[in-house]
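Presented below is the structure to which this report refers.
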Amino acid sequence: MIKRRVVELLEKYDAIFIGSGLGSLVCAAYMAKAGVKVAILEKHTITGGFATSFRRKKWEFDVSLHAMSDCAEGGQLHDVLQELGIYDRLRLEKTEILYRCVYPNGSFSAGSNYQQMLRELIEQHHEDANGLKALINEFIKLNDELRSMRRGLPVNSTIFRKYKNYTLKQMLDEFIQSPQLQMKISALWGYFGSPPDELSAIYFVNGWVEYHLYGGYYPTDRSQSISNLLRDLIISNGGHILNRRKVNKIITEDGVAIGVVTDKGEEFKGHYIVSNADLQQTFRDMVGFDKLPVDYAEKIRKVEPSCSTVQAYLILNGDLRHDYGEEAHEIFIHETNDYKTLADDLLHTREERLPFCVTYYENIIKGYRDQGKSTVSIFTLSNYDDWCDLDEREYETKKEESLKSLINRMDHYYPGVKQKIEYAELATPMTVERYTGHYKGAIYGSAKTVDQLLENGVNQVTPIKNLFLVGGWTRNGHGYSGVMVGGARLANMLLLRRRRQRIKGEGQTIC
Ligand SMILES: Cc1cc2nc3c(=O)[nH]c(=O)nc-3n(C[C@H](O)[C@H](O)[C@H](O)COP(=O)(O)OP(=O)(O)OC[C@H]3O[C@@H](n4cnc5c(N)ncnc54)[C@H](O)[C@@H]3O)c2cc1C
């Protein structure tokens, strides 16, 4: 049996974070800047969770990021990055073309001017012209309300209340009839992981407006640079980040979280414990359902995870812009003309029918790689259950077939691309699970459905005193922007609590 030892590095921290995803990093950075002693325990060898890059031989790949929203002036993430003093150092590039959508009978591009895209769509769908204009107006008004609500400003939330229980599909149905136009407007659904007839309209509209009106951004030195800058900020303010530390247990005493135990048997004591790990690990494995109120344990058990992914990482000996005239960095390819069977295709991972996304990084960052090469990822959603019970041979075979299928599908649109591949690798739902520990290889935390929105979702505050949550599994987090803004919000709450406790005289218990 591993003997527990209390870490001597610091006897006690003010706040211990389980996992070093962006939610944790932002929260810890704010707290460290405010003079709080923080420690982050990360099971992996690299800091950043999904916001990391990895090397294979001489190639470097971004694990996840296609584009971030909310980074323009007025955006909440913009303000968070400014407050932390890292906005300028990220050297964010704004995408000129947000994405290009390909369909069996045509294509359209979403540029930095969304009005242009609307004109294009109206030309293609005269019959729905008025409905489309009304829909986009409604999107914008709804997002204005959401922006004000998130900032805690007084707001007459009539539009929000109307659509709060709508799926994206229900909202589209009120304005436009053409299934193909509906499909075009929902092209970004893959960024949320649930098909339009399950996806919450609120999540989608927020993302749609932020990307189309204010732009998509990408840091010059890949997503790893966000994590590294936050890591350096934490360390320079006296915080500790310890990699290769998997937390196995959250220690509670009389319903209060007081510390954690790692797989190395180390015990870390902390006043606040913040988990960035998934909900099942946090509550089933680390706390124990028996320590929770029955209805809360039941709620956690029932949380639906978001989808997982298969993603091919490729280096091409060639330049997609030069060889194929590709001007976009994000290309959504649909091989059907409507989304009628999407939910079913997703459930049964009929990969050949699911839309897929080609991300071509050289079109965002000039000189991303050596000249004449292309760094590309091919991304589609995948169901964990199709992978988890395979034995080693079956798994390797399925992986090979899946990689081949993605490459063949891309080759159909970029003929001859197959011959240009210098390096190819596939990540599967099992890869996601292995690296992040996320339940069922979920890539966006909890599924962004109506049933899990706002008060139906999981709060950052838990019934275990001094145990908090941050990241994609909470109702405050979706994608890069959501989890970082959620991290800032939690930091503000904890710093306020700390001040109040100090005033009450409990401060002496906090080191
Ligand atoms: C392929 C892909 C593409 C994506 N594209 C985009 C995009 O273009 N734009 C966008 O906005 N979002 C995108 N996302 C989503 C975005 O990456 C995530 O929402 C966000 O990074 C999640 O941050 P988080 O704070 O929840 O932590 P995560 O990144 O989920 O990190 C959690 C961390 O906790 C650690 N951990 C887990 N269990 C333990 C334990 N027991 N002990 C110690 N450490 C533990 C994990 O190792 C991990 O480092 C994408 C995601 C994926 C996978």
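The values are calculated or read from the model by the stated rules, or taken from the named source; none is laboratory data. As the structure is a computational prediction, the values presented were derived from the model and not from experiment. So basically every Cβ, Gly included, is an ideal-geometry build from the backbone, and we count neighbours across all protein chains shown. Just so you know, the surface numbers come from the protein's heavy atoms only, side chains and all, with ligands and any DNA or RNA stripped out. Shrake-Rupley method; radii C 1.70, N 1.55, O 1.52, S 1.80 Å.
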Checked region 337-376 for anything surrounded by 21 or more Cβ atoms within 10 Å (Cβ to Cβ) and either over 28 Å from Met68 (Cβ atoms) or small (Gly, Ala, Ser) (or both); matches are Ser374
Which residues, taken from region 51-108, are on the phi > 0 side of the Ramachandran plot, away from the ligand (no atom under 13 Å from the Cβ) and not in a strand (DSSP E or B)?
Lys57, Gly74, Gly85, Arg91
Considering region 247-282, residues that are more than 25 Å from Tyr30 (Cβ to Cβ) and not in a strand (DSSP E or B), and then whichever is nearest to the ligand (Cβ to nearest atom), we arrive at Asp263
Within region 416-443, the residues that are within 16 Å of the ligand (Cβ to nearest atom), closer than 20 Å to Phe54 by Cβ and either part of a loop (DSSP other than H, G, I, E, B) or open to solvent by 50 Å² or more (accessible area, probe 1.4 Å) (or both) are Thr428, Glu433, Arg434, Tyr435, Gly437, His438, Ala442, Ile443
Can you confirm whether region 402-409 contains a residue that is away from the ligand (no atom under 15 Å from the Cβ), part of a loop (DSSP other than H, G, I, E, B) and farther than 29 Å from Asn476 by Cβ?
no
Do we have Gly487 as within 12 Å of the ligand (Cβ to nearest atom) and either in a helix (DSSP H, G or I) or open to solvent by 50 Å² or more (accessible area, probe 1.4 Å) (or both) here?
yes
Condition test on Leu496, is it within 19 Å of Ala201 (Cα to Cα), among the hydrophobic types (A, V, I, L, M, F, W, C) and open to solvent by 40 Å² or more (accessible area, probe 1.4 Å)?
no
Is it the case, given these coordinates, that Tyr413 is in the same structural domain as Asn317 (by TED's automatic domain parsing), within 13 Å of the ligand (Cβ to nearest atom) and open to solvent by 60 Å² or more (accessible area, probe 1.4 Å)?
no
Condition (residue is in contact with a helix residue (DSSP H, G or I) (Cβ under 9 Å, 6 or more places away or on another chain) and assigned to a helix (DSSP H, G or I)) applied to region 306-318: is it met by at least one residue?
no
Subset of region 366-406, residues touching a residue at least 40 places away in the same chain (Cβ under 8 Å), aliphatic (A, V, I, L, M) and out of contact with any Gly (no Cβ under 9 Å at 6 or more places or on another chain), comes to Val376, Ile378, Leu403, Leu406
Listed residues Leu90, Leu84; which is of a type in the set (A, V, I, L, M, F, W, C), under 16 Å from Ile365 (Cβ atoms) and over 18 Å from the mean Cα position of the chain (by Cα)?
Leu90
Checking Leu132 against (1) closer than 20 Å to Asp173 by Cα; (2) at pLDDT below 95, which single condition isn't satisfied?
(2)
Can you tell me which of Ile18, Ile40, Ile46 is among the aliphatic types (A, V, I, L, M), within 14 Å of the ligand (Cβ to nearest atom), open to solvent by 30 Å² or more (accessible area, probe 1.4 Å) and in the same structural domain as Tyr480 (by TED's automatic domain parsing)?
Ile46
Search result, residues across region 219-272 that are basic (Lys, Arg), under 24 Å from the mean Cα position of the chain (by Cα) and farther than 30 Å from Glu362 by Cα:
Arg244, Arg245, Lys246
For region 168-212, name all the residues that are away from the ligand (no atom under 16 Å from the Cβ), open to solvent by 20 Å² or more (accessible area, probe 1.4 Å) and more than 16 Å from Phe108 (Cβ to Cβ).
Lys169, Gln170, Asp173, Glu174, Phe175, Gln177, Asp197, Glu198
Take Gly35 and tell me if it is farther than 25 Å from Met149 by Cβ, assigned to a loop (DSSP other than H, G, I, E, B) and more than 9 Å from the ligand (Cβ to nearest atom).
yes
Are any of the residues in region 284-291 buried (at least 19 other Cβ atoms within 10 Å of the Cβ) and at pLDDT 95 or above?
yes
Quick one: count up the residues across region 88-113 that are out of contact with any Asp or Glu (no Cβ under 9 Å at 6 or more places or on another chain) and more than 20 Å from Gln124 (Cβ to Cβ).
5
If you go through region 265-280 one residue at a time, do you hit one that is of a type in the set (D, E, K, R), surrounded by 21 or more Cβ atoms within 10 Å (Cβ to Cβ) and touching a helix residue (DSSP H, G or I) at 6+ places or on another chain (Cβ under 9 Å)?
yes
